[in-house]
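Quick one: the structure is below, questions incoming.
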Amino acid sequence: MRIFGKGFNFSQDGPGNRLVYHLSGCNMRCPWCSNADGLSFNAGKEYSIQEILNECISCKAMFFSGGGVTFTGGEATVQYNQLLPLLKNLKSEKINTALETNGTSKHLPKLLELVDYLIMDFKHYDDEILKEYTGVGIEQIKKNYEHTCNTGHQQHIRIPLINGVNTDAPQEFAKYFSSFDTSYTVFEFLPYHEYGKEKWKGNYKIENGFITMDVLQQFKKTFEEYGLKIITT
Ligand code: SF4
């Protein structure tokens, strides 16, 4: 398994204190990405599943307040063949697991059974616009959202809000999300930031991406009107 970063954080990428692994490589190319240094499949360093498992086991005492291990990226699911057995082993060790994903993997339903806490990005409801910005369409992301709603598995949807990209029609997001059973789903808005800009080494393409407080309030109000639960982490 190839990893370009790891570290502990509290309650940001799943519940409690968590050891977060950033897996190398991503199938999308979001121009606002804050992890541009990890998008290449060659980024970082190779570890065996056993090495990571041993590390997680040795950290068990640190997983307080319902914590555990989170896999993010890049896009963690592009290393599905390693991720699946690792998650199985972590579950055998009774370690809480979380996955943060862009939602594009057809394997997600198989991983879901081994993931205690799922965080999934949803960047745009429109296929063409999503493709234009990220290189990948919405079809599989919607399938995964709908599947997770149908199974009743917990789901945490993160929506990055970027001026000029996806902030025009909050009701289109809300209408789509609320047409499925969202009893176990929560939504979080991530206002645009430029924390990872320097990692693009002069190739950063988003201009005027910051949103106003009014836009954020409009999204919150619209989602509440549609009965969707909003959280902040
Ligand atoms: S899906 Fe995530 S990791 Fe991949 S390019 Fe987009 S923001 Fe970056």
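Highest GNM mean-square fluctuation, the chain, Cα pairs closer than 10 Å: which of T77, T151, T182?
Taking springs between Cα atoms under 10 Å, the residue moving most is T151.
Show me the helices of the chain, taken as full DSSP H stretches, that run 24 Å or more along their long axis by Cα and average 0.0 or above in Kyte-Doolittle hydropathy.
none
Per residue Cα convex hull volume for the range 43-109, in cubic angstrom?
Spelled out: Cα convex hull of the range 43-109, divided by residues, is 102 Å³.
If you don't mind, another one. Trypsin sites (Lys or Arg not before Pro) within the range 1-104: which are DSSP loop residues with at most 15 other Cβ atoms inside 10 Å?
Sparse-neighbourhood loop trypsin sites (Lys or Arg not before Pro): R29, K94.
Would you mind checking the radius of gyration and Dmax of the range 169-233 based on alpha-carbon positions, in Å?
My reading of the Cα-based Rg and Dmax gives 14.8, 43 Å.
Label 7 Å along Cα→Cβ of Q171; the range 190-233 residues with amide nitrogen under 15 Å?
So the set is 218-227.
Right, here's the next one. Can you compute the label reach from K205? Point 7 Å from Cα along the Cβ direction, backbone N cut-off under 15 Å, restricted to the range 19-61.
Counting only backbone N, you get 28-34, 36.
Once amide H atoms are placed 1.01 Å from N in the peptide plane, what residues at a sequence separation of 5 or more from L161, or on another chain, have their amide H within under 5 Å of its amide H?
L190, Y192
Going through the range 1-103, which GluC sites (Glu not before Pro) have at most 16 other Cβ atoms within 10 Å and a DSSP loop state?
Qualifying residues, ordered by number: E93.
Once each part is reduced to its C-alpha centroid, what is the distance from the range 1-72 to the range 212-228 in angstrom?
The distance from the Cα centre of the range 1-72 to that of the range 212-228 comes to 31 Å.
What stretch of the chain, leaving out the sites themselves, is the longest with no chymotrypsin sites (Phe, Trp or Tyr not before Pro) in a DSSP loop having at most 12 other Cβ atoms within 10 Å?
With chymotrypsin sites (Phe, Trp or Tyr not before Pro) excluded where exposed in loops, the chain gives 65-194 as its longest stretch.
Also: With the crude spin-label approximation of a point 7 Å out along Cα→Cβ, what separation in nm comes out for R29 versus Q140?
Reported label-point gap for R29 and Q140 is 1.7 nm.
For a quick check of your reading of the filter: which trypsin sites (Lys or Arg not before Pro) in the range 156-233 sit in a DSSP loop and have no more than 15 other Cβ atoms within 10 Å?
K201, K205
Then there's this: For D126 and E224, calculate 0.36 nm times their separation in residues minus their Cα-Cα distance, and state this gained length in nm to one decimal.
Gain in length upon complete extension: 33.1 nm.
Pairs of alpha-carbon atoms within less than 8 angstrom and 6+ residues apart define the contacts here; what relative contact order does the chain have, in percent?
Computed value for the chain: 18 percent relative contact order.
State whether the range 1-63 is rounded, prolate or oblate according to the following rule on the C-alpha gyration tensor (a ≥ b ≥ c being the square roots of its eigenvalues): a/c under 1.5 gives rounded; otherwise a/b larger than b/c gives prolate, and the remaining case gives oblate.
oblate
Another question about this same structure. Report the extension gain between S58 and S11 in nm, rounded to one decimal, defined as 0.36 nm multiplied by the number of residues separating them, less their alpha carbon distance.
This chain segment gains 14.9 nm when fully extended.
Based on a Kirkwood Rh over C-alpha pairs, give the Stokes-Einstein translational diffusion coefficient of the chain at 25 °C and viscosity 0.890 mPa s in µm²/s.
Taking Rh from Cα pairs, D becomes 135 µm²/s.
Could you identify which residue out of N54, N27, N166 has the top mean-square fluctuation in a GNM of the chain using Cα springs shorter than 10 Å?
With Cα springs under 10 Å in the chain, the top fluctuation among N54, N27, N166 is at N54.
Right, another one. Among M120, M213, M62, which one moves the most in a GNM of the chain with springs linking Cα atoms closer than 10 Å?
Looking only at M120, M213, M62, the largest GNM fluctuation is found for M213.
Since every read-out is calculated from the coordinates, none of them should be taken as a lab result. All of these numbers come straight from a predicted model, not from anything done at the bench. Every residue, glycine as well, gets a Cβ built from its backbone with ideal geometry; the counts of neighbours run over all protein chains shown.
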